[in-house]
Each structure stands twice: as C-alpha cells, then as structure tokens.
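Worksheet: one structure, shown below.
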Amino acid sequence: MSKADRIFIQNIKDILSNGFSDEGFDVRPHWADGTPAHTIKKFCIVNRYDLREEFPIITLRKTYMKSAVDEILWIWQKKSNRVSELSSHIWDNWQDENGTIGKAYGYQLGVKHKYKEGEFDQVDRVLYDLKHNPQSRRIITNIYNHHDLNEMMLYPCAYSMTFNVCGHTLNGILNQRAQDMLTANNWNVVQYAVLLCMFAQVSGLEAGEFVHVIADAHIYDRHIPIIKEIIENPQFDAPKFEMNKDITDFYSFTKNDFKLINYQCCDKKYDIPVAI
C-alpha cells in the first residue's frame, strides 16, 4: 500500500463518518440535469507527503499522471487560460464564448509585477528567489485576485503555493479553498508534487515535503457509492517517479519528461459525473 492510498482512505472515511452534510441548504454546484449537487464535507484537512520517501500517487484507481502534468504545465509554464491549448477536456464545461476560462489560473500567474529587482510574473519571481534568495520566507504565489474574480469562469480552487527552503531542500504548501475528493484530490496532489520537483531541480535543490491544505474537503452525493467502492479496491506499492535530469530550465519541461516505473493500480473504469 502506498502512503498516498493510506492518506486518501483515512480522509474519505473521516468525511463519510464525521462530515457535515449540506443537504437542505442552498448550494451553487449542480449536476448536468440541473439537480443541486449536495456534499458531505470536512473543514480543513491537512496532508503531508515526503517526496524523498515515495511519490504520492494512489493505486486504488488510476491517476493519469501525464494528463495531470499537462494541465499543471498549461497553468504554470504556458500561463494559459485558453482551453484548446490543453490536451484534456477537463475545462470544457467552464470555457467562455472565446474559448478561455477568463482571468483565472494561468492568466493570473502570467501578470507581471514590479519589484526592486525588476519586473516579474509570479512564476518567474519564484524561480528568481529560489536561485538568488532561497532563505526568503516570502516565496509565495496567489491567484485568488479579488479584482478579477468577476472575470473568471471558475474561482480558483488551488489558489496559493508557499515555497520554503531548508538547507538544500525545497518544501511547499498548497492551499485549496475547496476540493472534490473523488475527481480531483490525487490529481492535484500529483500535479503539485511534480511542480515542486521541477522547481527544485532547476534551482539546484532537492524536493522535500509537500503539504496539502484543503479548507473544504467534500464528497458529492452522487459520488458516495463510487468512492465507497474505490477505497475497498486492491492496493499496491507506490511506483518510482523519474524526471528528465538534464533539464535546468523550467520552461523546457514537457509532459514526456516524467514517468512512473512499475505503476500498478486498480484499472477498473468508473463513470463519474462532474458537478458544475
């Protein structure tokens, strides 16, 4: 059993056993048929993954790492909000008439800001500080920009990263306002674990601890029977994660520079509805 499996199972059992149900309350999310999408949730779940021990991908069901990496590169490297530039269709339900998700995610990371050292966008500021001022306690990104929220097709869920260097080890904290635990939890864990590894490598550091803070960790009503089945699936050891060690420029990475060695997982397919 991988540590990611153990953490995921613990989270799900805790939510199902001790969570709060918003049934009977007015909620924004809905299903494709117009029915309100209610949840059972826990407030503030904090999970810690040491990337020096194992890569945090679950084996209970398959997480498609290359698609997950493709999205994180779309946001952090391309700084794009154009849905057609993403190889998957996960943002199709939120694109506007121009084919974008508005001033969200990649758009926010690509906006340049003035500092005494020069003009940087948020990603380049992180890269600059990791190389020139690694002991800084101010290496933070934030895409929850209230000024632009009305022009976003979806308010950012994963909205802030804090990077902290201890010696030669890069650690990171991902803050999320909310998370659909079935469709997105391990997807985001994999994405930001890979992001931390990328930033560490191009900065001459070692990836250390990834901490995931979720303010509203929820399971949708129509997901409950599916997720109950998934946590009973067979479990396997964590695979070995490898990335192209020759890359020293963050903007040179592609989704093909990452692979999992011996990734065994339950390959059962599930028809999972997505709340919108």
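The values are calculated or read from the model by the stated rules, or taken from the named source; none is laboratory data. As the structure is a computational prediction, the values presented were derived from the model and not from experiment. Quick reminder, even Gly has a Cβ in these numbers, built from the backbone with ideal geometry, and neighbours come from all protein chains shown. Surface accessibility is based on the protein's heavy atoms, side chains included, excluding ligands, DNA and RNA. Shrake-Rupley method; radii C 1.70, N 1.55, O 1.52, S 1.80 Å.
Details
- Across region 161-172, not a single residue is classified as under 17 Å from I7 (Cβ atoms), under 11 Å from the mean Cα position of the chain (by Cα) and without any contact (Cβ under 8 Å) to a residue 40 or more places away in the chain.
- Listed conditions (1) touching a residue at least 60 places away in the same chain (Cβ under 8 Å); (2) closer than 29 Å to C197 by Cβ; (3) of a type outside the set (F, W, Y) are all met by K78, apart from (1).
- Residues of region 201-226 that are of a type in the set (A, V, I, L, M), assigned to a helix (DSSP H, G or I) and closer than 29 Å to D257 by Cα: V202 alone.
- Residue in region 25-34 that is out of contact with any Pro (no Cβ under 9 Å at 6 or more places or on another chain) and not in a loop (DSSP other than H, G, I, E, B) present: no
- Of all residues making up region 118-169, the number that are out of contact with any strand residue (DSSP E or B) (no Cβ under 8 Å at 6 or more places or on another chain) and basic (K, R): 2
- Those residues of region 68-96 which are basic (K, R) and either at pLDDT below 95 or in contact with a helix residue (DSSP H, G or I) (Cβ under 7 Å, 6 or more places away or on another chain) (or both), in sequence order: K78, K79
- Test: residue in region 247-260 that is part of a loop (DSSP other than H, G, I, E, B), under 21 Å from P56 (Cβ atoms) and open to solvent by 60 Å² or more (accessible area, probe 1.4 Å): no
- All positions within region 94-110 that are farther than 24 Å from N175 by Cβ and open to solvent by 70 Å² or more (accessible area, probe 1.4 Å): Q95, E97, N98
- The listed residue being touching a residue at least 12 places away in the same chain (Cβ under 8 Å), out of contact with any Pro (no Cβ under 7 Å at 6 or more places or on another chain), open to solvent by less than 70 Å² (accessible area, probe 1.4 Å) and not in a loop (DSSP other than H, G, I, E, B), out of L60, L73: L73
- Selection count where residues are over 22 Å from L73 (Cα atoms) and either under 19 Å from the mean Cα position of the chain (by Cα) or β-branched (V, I, T) (or both), scope region 254-275: 3
- Tally, over region 226-243, of residues that are within 21 Å of the chain's Cα centre (by Cα) and open to solvent by 50 Å² or more (accessible area, probe 1.4 Å): 2
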